[in-house]
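The values are calculated or read from the model by the stated rules, or taken from the named source; none is laboratory data. Not measured: the values here are computed from a predicted model. Cβ placement follows ideal geometry from the backbone for every residue including glycine, while neighbour counts extend to all protein chains displayed.
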Amino acid sequence: MTAEALVEATGLERRYRLGRIDVPALRGVDFRLERGESVVVAGPSGSGKSTLLNLLGCLDEPDAGRVSFEGRDLSRATAAEKTRLRRRRLGFVFQSFHLIPVLSALENVDYPLLIDGVSRPIRRARAEAALAAVGLADRLGHRPDQLSGGERQRVAIARALVHDPVLVFADEPTANLDSRTGGAVVELLSKLNTERGVSFVLATHDPAIMERAARIVRLADGRIADDTTR
Amino acid sequence: MLALIALRNLARNRRRTALALLVVAAGAASLLLTAGFVRHSFNGLGEAFIRGGLGHLEVIPASRLSAEDGPDRVGPPAFSDWAEARRSIEAMPHVLGASGAIVLHGLVGKDERSLPFIGAGLEPDRERRMGLQVRVRGGRLLSEAPAAEGEDEALLGLGLARQLGAREGELVTLTALASDGTLNALDVRVVGLVTTGVQDLDSRFLRVQLLTAQRLLATEAVTSIIVMLDATDETRPAAAEIARQLQAHEPRVAVADWEARAPFYGQVRRLYAGIFGFLGTIVLVLVTLSSSNTLLMTVMERVREIGALLAIGTSGGQVVRMIVFEAAWLGLLGGVLGGAIGVAAMSAIHALGIQTPPPPGAVEPMELRLEILPADLLWVSVVMVLVLALAALLPALRVLRLRIAEALVHL
């Protein structure tokens, strides 16, 4: 008997409407991720990487197939349950950082705990620790527009990790960064995976990330073309 | 924190926020100025009725007061033994004065001409103490000393005097039904021409001493006792106190306040309340639509950001709350700014001393005055917060319909 997967998808399909044409983004994808495991989802633009991440991360609904998280079928979960799942068990890092521009770095990282009703002293302590873990202990009061691209992405990573999620989705986390900064971010994600046992699903076509990946799932035309574990 | 984020969001596009604030402030200021104008008009109209002869209260034999029609003053005076009642009323707190009063209906004649009048007989000394005087436009007021027989005096309304061809110093003849049902006539000298400020009233107005009215009607009774208070706000407590003190009086008396005796005031008030309520509603609708549009723009500009907030676990309700907070801040700040603009505009209007044409039926122009109370600033701000919260509904509904994955890549 196999152990319970952290997240498992079977027969995932997703189509988008482009004018009068149905454009298939995913055409029956099966995917499984164990607890503590990390995977890089690679493939050219339009191959369905972001769509897969959106479906696995409860940001979108599949047209067919199902996703289960820790053994629970998410097609039966309510919108509120999915919101709670994203808030407590999942973390997200976006290509464009998506920080709240009117909040400082500390307040941005504090935010996921705030919406979960955590008390202010605990929030502040955990947010400061998360920012220290990504090397931004001296940037607490800076707003996003006062930070460099790499610093913003590190704030976004701290925000994704502050509530101790079991799984973090990172969609092209280095796409908007130069190679040196991108390398530092990859290093950081790898360290967090090793030290904290957090699972990562990274969508990318950055060779630097793929080189370090233990498992790469390659998508082509909405299908898994290759699933390699090294 | 959500409220703080909402407040900081307002600072993101300062020009648009400033414009939105101006719209809300203009709406708030309009409401304040309208409310101030209406209040001053209502208070002015009410005081005009009170000072014009109604007094704050009227004590009248209970048999002459109908719940539906108010006091019946047409019949012969029936309030006997009234002097003692007047003395006890005058001893009460907040009572400026009380005067026996007779309402007169009859004809006033000069030479070959007779015209109907609606008159009143009051005690001139008390009338002055109570501030019931009319505005003299020629001659003088009635003497305070009781008129000796054959020396009776009268004040005529300007319109009545003009139609009658009577001038001050001339004799006119009053004819009325005496208490015993016979027709009685009395010569009186016109000592002054006056105006009540109301054109229709001036063409029927006649005022004589109470003693003169009693002579004309051959009675010692009065129709009622008119009571003037030191403040209109004291009307209800004073009415209750007078009713309590005079409960043993014979004949049994009732107390009617000025509003019950001025149905015209109630009609005008309802009419104006309807008109200004309608205008106020239009102002609020315009503010709501304009603010809703502004809020929708700010939401649509932040679709990606809102998508990210939803992605990291913010509930739709929390995002909606953030938008409503943003709207409420606009309402509050706009309401406060509108309050300041309204008060400044009121001061400017008062300083300019703007005259408005006479209102319908009136004969003299009015100075434009407004009466804005501190409580108005509070309710206008509260109304603006509620209106803006309402304006946030459309953008909020838009947010609730967002699909996170699409919002994250929204252009």
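The single condition from (1) farther than 22 Å from residue B:132 by Cβ; (2) in contact (Cβ under 8 Å) with a residue 24 or more places away in the chain that residue B:66 fails is (2).
The residues on offer are B:243, B:231, B:221, and the sole one that is under 20 Å from the mean Cα position of the chain (by Cα) and touching a residue at least 12 places away in the same chain (Cβ under 8 Å) is B:231. Among residues of the range B:5-21 that are at the interface with chain A (Cβ under 9 Å from one of its Cβ atoms), those with a beta-carbon under 8 Å from a residue that is surrounded by fewer than 17 Cβ atoms within 10 Å (Cβ to Cβ) and assigned to a loop (DSSP other than H, G, I, E, B) at least six positions away or on a different chain give the pairs B:12/A:101. Among the residues examined, residue A:148 does not qualify as in contact with a strand residue (DSSP E or B) (Cβ under 7 Å, 6 or more places away or on another chain) and hydroxyl-bearing (Ser, Thr, Tyr). Residues of the range B:88-124 that are part of a loop (DSSP other than H, G, I, E, B) and among the charged types (D, E, K, R): B:111, B:112, B:123.
If only residues of the range B:253-289 that are in contact with a strand residue (DSSP E or B) (Cβ under 7 Å, 6 or more places away or on another chain) and of a type in the set (D, E, K, R) are counted, the one that is modelled with the highest pLDDT is B:257. Checked against (1) of a type in the set (Gly, Ala, Ser); (2) under 26 Å from residue B:386 (Cα atoms); (3) within 14 Å of another protein chain (Cβ to nearest Cβ), residue B:311 passes all but condition (2). In a residue-by-residue description of the range B:46-57, the property of being on the phi > 0 side of the Ramachandran plot, assigned to a strand (DSSP E or B) and either not assigned by TED's automatic domain parsing to the domain that holds residue B:355 or not aromatic (Phe, Trp, Tyr) (or both) applies to no position.
If I filter the range A:73-89 for residues that are more than 12 Å from chain B (Cβ to nearest Cβ) and either charged (D, E, K, R) or surrounded by 24 or more Cβ atoms within 10 Å (Cβ to Cβ) (or both), do I get at least one hit? Yes, the range A:73-89 contains a residue that is more than 12 Å from chain B (Cβ to nearest Cβ) and either charged (D, E, K, R) or surrounded by 24 or more Cβ atoms within 10 Å (Cβ to Cβ) (or both). Among the residues of the range A:110-154, those identified as of a type in the set (A, V, I, L, M), touching a Lys or Arg at 6+ places or on another chain (Cβ under 8 Å), more than 11 Å from every other protein chain (Cβ to nearest Cβ) and in a helix (DSSP H, G or I) are A:130, A:131. Residue pairs whose Cβ atoms lie under 6 Å apart, sitting 6 or more positions apart in sequence or on different chains, and linking a residue in the range A:15-27 that is within 17 Å of residue A:220 (Cα to Cα) and hydrophobic (A, V, I, L, M, F, W, C) to a partner that is assigned to a strand (DSSP E or B) and at pLDDT below 90, are A:23/A:16; A:25/A:16. For the range A:125-180, a tally of residues being of a type in the set (Asp, Glu) and loosely packed, with under 15 Cβ neighbours inside 10 Å returns 4.
The set of residues from the range A:155-176 being of a type in the set (A, V, I, L, M, F, W, C) and in contact with a Lys or Arg (Cβ under 9 Å, 6 or more places away or on another chain) comprises A:155, A:161, A:162, A:166, A:167. Please find, within the range B:249-306, the residue that is farthest from residue B:323 (Cα to Cα) out of those that are within 14 Å of chain A (Cβ to nearest Cβ) and in a helix (DSSP H, G or I). It comes out as B:304. None of B:38, B:24 is in contact with a Gly (Cβ under 6 Å, 6 or more places away or on another chain) and under 24 Å from residue B:348 (Cα atoms) except B:24. Considering the range B:4-45, and only residues there that are among the polar types (S, T, N, Q) and part of a helix (DSSP H, G or I), the residue that is surrounded by the fewest Cβ atoms within 10 Å (Cβ to Cβ) turns out to be B:43. Within the range B:1-52, the residues that satisfy the criterion of being aliphatic (A, V, I, L, M) and over 19 Å from residue B:386 (Cβ atoms) are B:1, B:4, B:5, B:11, B:18, B:19, B:22, B:33, B:38, B:45, B:48, B:50. Taking the criterion of being without any contact (Cβ under 8 Å) to a residue 60 or more places away in the chain and small (Gly, Ala, Ser), the residues of the range B:122-148 that qualify are B:138, B:139, B:145, B:148. Evaluate the following for residue A:64: is it away from chain B (no Cβ under 11 Å), small (Gly, Ala, Ser) and in contact with a helix residue (DSSP H, G or I) (Cβ under 8 Å, 6 or more places away or on another chain)? When the stated conditions are applied, residue A:64 does not pass them. The single condition from (1) without any contact (Cβ under 8 Å) to a residue 40 or more places away in the chain; (2) in contact with a strand residue (DSSP E or B) (Cβ under 6 Å, 6 or more places away or on another chain) that residue A:72 fails is (2).
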